[in-house]
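What follows is calculated from the coordinates using simple rules that are stated; it is not laboratory data. Note that this is a predicted model, so its numbers are computed, not measured. Backbone-built Cβ (ideal geometry, glycine too); neighbour counts: all protein chains shown.
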């Protein structure tokens, strides 16, 4: 890496830390903000995903703020164990990913604190809640549409993101037997692609493809690609080294093809592809307003996901490619809707031209950039190395 690029990345890391500190205290019980200006609320999902960059920063102010988030969540956990969608609001329930994110975050915090009993009661209740989300009692976790981070896109039945998160949380908490059972279930073929029906239960692996399905339920599944869920599969070790290498090769080949057709601008990896088009069977009328091809959840570029993909590249020992992707992400996160900002750390960007479309100074965008940069520099993936 040239000295100029090193300086650029160093300045971006410094800016990311500035964003996180700026957002560390918000108007709701002094809990962190989700974004610098647009989202003052402490959204559980966003803040818990941000634990990776916060913990590798080793900044005491940020670590204290994350501890406050986790302890407040535990106080507002439902009687049955579900984690609320807003850190401070026990009545704001319904998200499928907040509870497994809490398990992941608690596992990471326990490692940092060297305290295996941190929030023990809340963790035990959350584990029971996740067990009860399996309708067949065969390990895979089911969810309702638009209940995970894709609040404007349908994921039906067994979603990849929620299940890889749960697997990761179990591994970090030392629940190896439960993790093994869930991992085996995820690695079963989808029932739709398993023509010989070798397994009595559907999984999320796809016959003839190196990546995991977006979702699967009974005889139905979606073969569209979820960058977030597949990146976590690599990071957590759910996808072994061979599968990880094949998966990454497939992603880069598909993105090169999309760049040739101008569906995606050079240097970008969409969160989801192929895009859902209006003529497709899985297109919903509401997508015309929120999810046009290349927008938002339908293929938008999300820096927090790009950061995890870069970390996944490091996990797969694709160091040169990870460095290249980090430089591309660094140039992207400089763009902002507020032209006075040197670094925008915007929420999401349009796939076709990289235009920032969400809120600037988004907490999880800054945090996962910081995490990705540390992974590339150290050629390690903190917290995941131990479980992979």
Q. Hey, fewest Cβ within 10 Å first, where do 355, 175 land in order?
A. 355, 175
Q) Relative to the compact globular guide of 2.2 N^0.38 Å, what is the alpha carbon radius of gyration of region 1-106, as a ratio? A) 1.17
Q. So what's the Cα pair-distance distribution over the chain, bin width 20 Å, in %?
A. 30, 62, 8
Q: Quickly estimate the mean residue ellipticity at 222 nm for the chain, helices only: each DSSP H run with n ≥ 4 gives -39500 (n - 2.57), and the total goes over all residues, rounded to 500.
A: -15000 deg cm²/dmol
(Q) Among 196-203, 264-271, 331-338, 233-240, how do they line up by average Cβ neighbours within 10 Å per residue, starting with the highest? (A) 233-240, 264-271, 331-338, 196-203
Q) When you count, for each residue, the other Cβ atoms within 10 Å and take the mean per peptide, how do 252-262, 36-46 rank with the highest first? A) 36-46, 252-262
Q. Among 2, 363, what is the fewest-to-most ranking by other Cβ atoms within 10 Å?
A. 2, 363
Q: Sticking with the crude label model, points 7 Å out along Cα→Cβ, report the distance from residue 131 to residue 78 in nm, one decimal please.
A: 1.8
Q: Quick one: check the C-alpha center-to-center distance for region 357-388 versus region 276-317, whole angstrom.
A: 19
Q) Hey, can you rank 318-329, 219-230 by average C-beta count inside 10 Å, highest first? A) 219-230, 318-329
Q | Order of 364, 149 under a 10 Å beta carbon neighbour criterion, fewest first | A | 149, 364
